[in-house]
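The values are calculated or read from the model by the stated rules, or taken from the named source; none is laboratory data. Only a predicted model underlies this, so the values are computations on that prediction, with no experimental measurement involved. Every residue, glycine among them, receives a Cβ derived from its backbone with ideal geometry; neighbour counts consider all protein chains shown.
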Amino acid sequence: MEIGAFYLPSVGRPADIKKGLAGKSTKLYQQMLREITEQVQYMDQYGYYGAGFTEHHFHVEGEEVSTNPVMLDMYFGMQTKNMKFGQLGNVLPSRNPINLAEDIAMLSQMLEGRTFAGFARGYQNRWVNVIGQQVGLSDPASGEEYEELKRSLFEEHFEILMKAWKEDTFSFKGKHWQIPTKDLKWAAAETAHQYGQGCNEDGIIEEIGIAPPTFNNMIPDMFMPFATSERSIKW
């Protein structure tokens with residue numbers, strides 16, 4: 001059995017939060033960074049598996065100030081030597097899966113493989129619907145329809161992310177994404193022909209790939225922070 005830590009993280013004490021807008025306080029945020037640094041350095045010294053951070057946005061109240069768990073992973077990873085850092089989890093339906101694959105791959109390189117990744121569908125509509133509005137995530141009349149859209153986006157984004165990690169270059173066509181877009185002509189096709197791949201003789205992009213890859217092309221350990229449905233557990 002491995003033991004790790006899961007942080008929201010919150011900023012400030014209950015009394016600070018009751019004063020209002022704790023999430024907007026530089027003093028409280030810096031205090032949170034110092035406190036977690038002390039904790040993860042202790043865990044690193046005593047053989048803990050790792051620490052993960054949730055993804056939530058707009059928490060001006062201060063309760064879950066973790067808008068970018070990958071950046072938190074990097075910050076604390078640079079102050080430790082052994083333990084892993086990851087996300088619990090990235091809310092896939094509202095995210096660009098290619099950008100996320102790139103971010104986690106860079107994190108993996110910078111921490112030399114001391115990374116893991118977690119994924120979720122998202123339940124806080126205050127931010128999921130605002131950030132995900134371009135992919136249709138705004139509460140429809142049917143709650144079931146909304147949940148099915150999130151599940152569809154989650155599964156497709158996960159498939160894209162895995163292809164980006166596993167393949168040098170790839171293509172994908174699904175319900176929500178076409179990668180690359182149709183008839184995309186690349187002005188630097190000659191460079192792609194000489195030093196890369198994915199571009200045909202007519203200069204049309206047929207596949208794309210992320211760079212850098214994950215550290216030594218390792219797929220990070222993966223987790224789901226929690227699940228409330230049998231369907232999610234089986235997935």
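Taken together, the residues in the range 164-218 that are in contact with a Lys or Arg (Cβ under 9 Å, 6 or more places away or on another chain) and of a type in the set (D, E, K, R) amount to 1. Of all residues in the range 199-211, those satisfying the criterion of being in a loop (DSSP other than H, G, I, E, B), surrounded by fewer than 17 Cβ atoms within 10 Å (Cβ to Cβ) and not charged (D, E, K, R) are Asn200, Gly203, Gly209, Ala211.
Would it be correct to say that Val11 is in contact with a helix residue (DSSP H, G or I) (Cβ under 6 Å, 6 or more places away or on another chain) and within 30 Å of Gly174 (Cα to Cα)? Judged against the criteria, Val11 is not a match.
Within the range 1-21, residues that are closer than 9 Å to Gly62 by Cα sit with their Cβ atoms under 6 Å from residues that are surrounded by 11 or more Cβ atoms within 10 Å (Cβ to Cβ) and of a type in the set (Phe, Trp, Tyr), at 6+ positions apart or across chains, in these pairs: Val11/Tyr29. If you go through the range 119-146 and keep only what is surrounded by 13 or more Cβ atoms within 10 Å (Cβ to Cβ) and in a helix (DSSP H, G or I), you end up with Asn125, Trp127, Val128, Asn129, Val130, Ile131, Val135, Tyr146. Of the residues making up the range 90-126, those that are of a type in the set (Val, Ile, Thr) and either under 14 Å from Met222 (Cα atoms) or modelled with pLDDT under 95 (or both) are Val91, Ile104, Thr115.
The set of residues in the range 151-183 being in contact with a strand residue (DSSP E or B) (Cβ under 7 Å, 6 or more places away or on another chain) and in a loop (DSSP other than H, G, I, E, B) consists of Thr169, Ser171, Pro180, Asp183. Listed conditions (1) at pLDDT 95 or above; (2) outside any helix (DSSP H, G or I); (3) closer than 29 Å to Glu55 by Cβ are all met by Thr228, apart from (1). Looking across the range 22-55, the residues that are of a type outside the set (Lys, Arg), more than 23 Å from Pro225 (Cβ to Cβ) and surrounded by 13 or more Cβ atoms within 10 Å (Cβ to Cβ) come down to Ala22, Ser25, Leu28, Gln31, Gln41. When every residue of the range 103-117 is checked against the conditions, at least one turns out to be of a type in the set (Asp, Glu) and assigned to a helix (DSSP H, G or I). Of the residues screened, Glu112 is one that is loosely packed, with under 14 Cβ neighbours inside 10 Å and either closer than 15 Å to Phe215 by Cα or outside the structural domain of Thr37 (by TED's automatic domain parsing) (or both). Restricting the search to the range 163-188, which residues are under 16 Å from Leu92 (Cβ atoms) and in contact (Cβ under 8 Å) with a residue 24 or more places away in the chain? Scanning the range 163-188 gives Ala164, Trp165, His176, Trp177, Ile179.
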